[in-house]
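No lab work stands behind these numbers, since they all come straight from the coordinates. Since we're looking at a predicted model, the values are computed, not measured. For neighbour counting, all protein chains shown are included, and Cβ atoms are generated from backbone atoms with ideal geometry for every residue, glycine included.
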Amino acid sequence: MHTLTHRLLGLVMASLVSNAVAAATSYPPAFDPGYRPEASSDEGGFWYQVDKLERDIQHSPFVVTDPALNDYVGNMVCKLAGDYCSDIRVYVIENPHFNAAMFPNGMMHIHSGLLLRVESESQLAAVLGHEIGHYLRSHHLKQWRGLRDGAGVSMVFDMLLTGGLMTWAVMAGNSSFGRNQEIEADAIGANLMHASGYAPVEAANLWRYVDAEQKADSSRQASSVFFATHPQPKERIAKLEAHISQLPETGNTLKNNGLIEKIMPLYRTFMANHLEMQEYEQSELLLAKHEEMGYPEAEVRFFRGELHRLRNQPGDQDLAVDAYTASLKLDNPVPDAHKHLGYLHLRKKNNTEALSHFRNYLALAPDASDKQMIEFYINSLESKND
Amino acid sequence: MDHTTTMRSARSFRSITKLLLTAFAVIYLSGCAATHVSKIDQLSTIDGSSEIVLMPLDVELSILTAAGLTEPQAEWTQNAVQHIKTAAREEFARRNSNLLLFDAGGLNAESTLVQLQKLHEAVGYTIRLHHYGPLKLPTKNNQIDWTLGDDIAALKEHTGADYAMFVFVRDSYASAGRVAVQLLGAVAGVGVAGGTQYGFASLVDLNSGEIVWFNQLISGSGDLRTKKAADKTVTALLKTLPSAG
Amino acid sequence: MIKQIKRLFILGLLSSLAGCVQYSLVPAGSAVSAKGITVTPPMDWNKSPANLGKKVEIWTRDGVSLDQLIFIGGISDGETLFKSWNKALPMPAFNAGMLPNDVEDLVKTSLKNLAGGEIQIDTSNLKPTEFGGTFGFEFELDYFEKSGLKKRGNAFAVIKDEQLYVILFTAADLHYFGEHLPEVRKLFESAVI
């Protein structure tokens, strides 16, 4: 019985797949490179707002300006987008959530939380390709027009309160229209990856990780905006894999290619932001992935220590001590590990250890801004020892 | 990946301003009201005229669709910006003052010139909320008593002006579909707004940093799409602006 | 965020129509208790009607977008500084065993989540200070509002009888922070718990 059902499903899947491929080859871009709409058109009005938003973004303190990282991502976009390269501008935004965004005027946002989660250049290419897919097919415009023409009067109050576009965003998520666009963008993204020498299978792997992360954090699932506006990962992975299996084999396995090196100068900032979300199950998964990927181990261990210290549930203090201690035994340790070990030992009344870690902290970071605080504890611990 | 969620969060950059203007639009929808406050009788001058730098205009014109969504109109807005600049130049000239334009190129988020504009945004919001709005601050005694501080010197140095003027306008017009809904609403006895205009202008003394003049305009009618109508709006908005000399 | 804005807005609209919720004057020179922290302000302040939590009181001098003086008093083990308004952004809880470095992170994350979680706050210059006659500590904060306006802050904290007390001053980096910090410091020096 089960086998039969599976076979039947297999048949249905197979026919879906061939449709998808037929459709994939007929995904022509909705416009030519260098396109700009007429100012008098509704699309021109839409662009006008997005252009304004882009000017704000250019002055935004949340844009990551690191030139090496920006060049790296920018070059990847060019490789994937081909003739449309100069129409797309990428902004890396400091935001711990897993997200990226594409705007009709060619502005693309990549969240720092996304950079932390991709484990190879191919996975990053999957995201960029997907966004370029949305762009080339003018998905925003279609959604926006669809909403404008079909919007109910119940939206009026929302609109008044939020200024219009935000409501559009929320409403768009609930339509199957939006989900079909996601599937289409996945297919285009896989095609672009394939054409640029990346391994399309990494797109499916990325979704598998996102699925695992989502499951690790069941408490937030219901409220996640992301999954309200996107197909569930299972459906998505199945469709993607079916699509990829139809692409000619190229043996592409482009892997890291300097991804970690480009992220490293910003790793502490990005990880600290991630931990501030207090989604500790997610952070645990992420750190395990980083360890596997080959991020510097002293950094990963340090953030394991941070995770346990900040979570502060029963048993976490001991785990924090273990992680910080382990990180200090590795190359290029983080000086703050000594500081937090000092405080943790102070809490446990291990005065000798506390004193030695506080001293080591100031030895490694003589200009630390909390020097006065640490000196206060060193003095009081020394007087206790006397 | 999403091309909507981030749009949503990014939009919230200016959501407070929008929220506030909507609040005013809702409260004062009926009729037209202009209220101004001035701390000076005349603009200061060295040689009989005064230099006023017009800061980047924050203007947006939209169509109000049948469903009540505002749809921004790029062409109207671009025209309105030109009309306002021209009209402001004429209004300033009538007050023995010259209009200078602000060059915003190549500034980063931390630069004083960007921060001064952000601070003015917050001060403008504060004046609308705490001075004109319902939440009065007892220590202010109903006086406009706000400043951008000594760092205003950076703007004076950058522009060479004596004053800076900030202008904010949101304007919406009923679409054909909206007019139909309005008519239906009238038959059914429900009030449906045809479009609103909200704007304010604020003058900052570049020697002291103080807000020396502030005016807001709320109207159920008014137009910025054509030069003639825009002239009328700008004249009303700047009516109480003092002269130099 | 939309819900939050909507809620605030409707609340503001209703209360302003009812005319019952208003800012009240906190006069200079006389001792006043703010959530268990008694201070003698050297200048007049305005007390906000906003309710960010049972143990929170907000004062402002020029308007809450420009400066805020926040008093948080008597936070016990397991309690949060501000009340949570978004399930996806839980407020971190105070723990009676916390040391200055932990309180620094606690205040930072609480303030960040109060702003919708989308700002990045840097803290620095943690140092000991006398708070109401006992050992306390203070640190500085730097961040950008979502609007891009740069803010600075100073936090003063003490844990007394296993309860946390905080005086937190934040203001626009341009003008307002420097203008009011000396007054805030004097007010802090007058604090008694």
task: Quick one: which residues, 5+ away or cross-chain, put their amide H under 5 Å from the amide H of C:Val26? H built at 1.01 Å from N.
output: C:Trp45, C:Asn46, C:Lys47
- prompt: Can you flag which of A:Lys262/C:Lys127; C:Lys35/C:Lys150; A:Lys79/C:Lys87 are past 32 Å Cα-Cα?
  reply: A:Lys262/C:Lys127; A:Lys79/C:Lys87
query: Using θ = phi - 60° and the Karplus form 6.51 cos²θ - 1.76 cosθ + 1.60, what ³J(HN,Hα) does each residue of the stretch C:63-68 get, whole Hz, x for Gly and Pro?
result: x, 5, 6, 9, 8, 9
query: Among C:Val21, C:Val107, C:Val158, which one shows the biggest mean-square fluctuation in a GNM of chain C, springs joining Cα atoms closer than 10 Å?
result: C:Val21
query: If you take the C-alpha gyration tensor of the stretch C:23-189, multiply each eigenvalue by 5 and take the square root, what semi-axes do you get, largest first, in whole Å?
result: 21, 20, 16
statement: Once amide hydrogens are built 1.01 Å from N within the peptide plane, the residues lying 5 or more places from C:Gly136 or on another chain with amide H under 5 Å from its amide H are C:Thr129, C:Glu130, C:Phe131
- prompt: Of C:Lys55/C:Lys112; C:Lys55/C:Lys186; A:Lys52/B:Lys118; B:Lys39/C:Lys146; B:Lys156/B:Lys232; C:Lys55/C:Lys160, which pairs sit farther than 20 Å apart, going by alpha carbon to alpha carbon?
  reply: C:Lys55/C:Lys186; B:Lys39/C:Lys146; B:Lys156/B:Lys232
- request: Please turn the phi angles of the stretch C:169-182 into ³J(HN,Hα) values with the Karplus equation 6.51 cos²θ - 1.76 cosθ + 1.60 (θ = phi - 60°), one per residue in order, whole Hz, x for glycine and proline.
  value: 10, 10, 7, 4, 4, 6, 6, 5, 5, x, 5, 9, 4, x
field: Distance in nm between pseudo-label sites at C:Ser76 and C:Ser30 (7 Å out along the Cβ direction from Cα)
entry: 3.2 nm
- prompt: Applying the Karplus parametrisation 6.51 cos²θ - 1.76 cosθ + 1.60 with θ = phi - 60° to the phi angles of the stretch B:165-172, what ³J(HN,Hα) value in whole Hz is obtained for each residue in order, glycine and proline being reported as x?
  reply: 10, 10, 10, 10, 9, 10, 9, 10
- prompt: When only DSSP loop residues count, what trypsin sites (Lys or Arg not before Pro) in the stretch A:316-386 have their Cβ near at most 16 other Cβ atoms within 10 Å?
  reply: A:Lys329, A:Lys348, A:Lys349
- line: Sorted by chain and then number, the residues having a modelled amide H within less than 5 Å of the amide H of A:Tyr91, at least 5 places away or on another chain, are A:Met108, A:His109, A:Ile110
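Report the calculated FRET efficiency for C:Lys186 and A:Ala195 (r = Cβ-Cβ distance, R0 = 51 Å), to the nearest 0.05. Numbers along the way, then the final one.
Values: r = 67 Å, r/R0 = 1.32.
The value I calculate is 0.15.
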- prompt: Average partner chain C-beta neighbours within 10 Å, per residue of C:76-88?
  reply: 1
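Divide by every residue of chain C the summed helix terms, -39500 (n - 2.57) for each DSSP H run of at least 4, and state the resulting mean residue ellipticity at 222 nm, rounded to the nearest 500 deg cm²/dmol. Intermediate results must be reported in sequence, preceding the final value.
Numbers: 3 runs with 46 residues, N = 193.
-8000 deg cm²/dmol, from helical runs alone.
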- prompt: Using a cut-off of 22 Å between alpha-carbon atoms, which lysines can reach A:Lys234, once sequence neighbours fewer than 8 places away in the same chain are excluded?
  reply: A:Lys215, A:Lys289
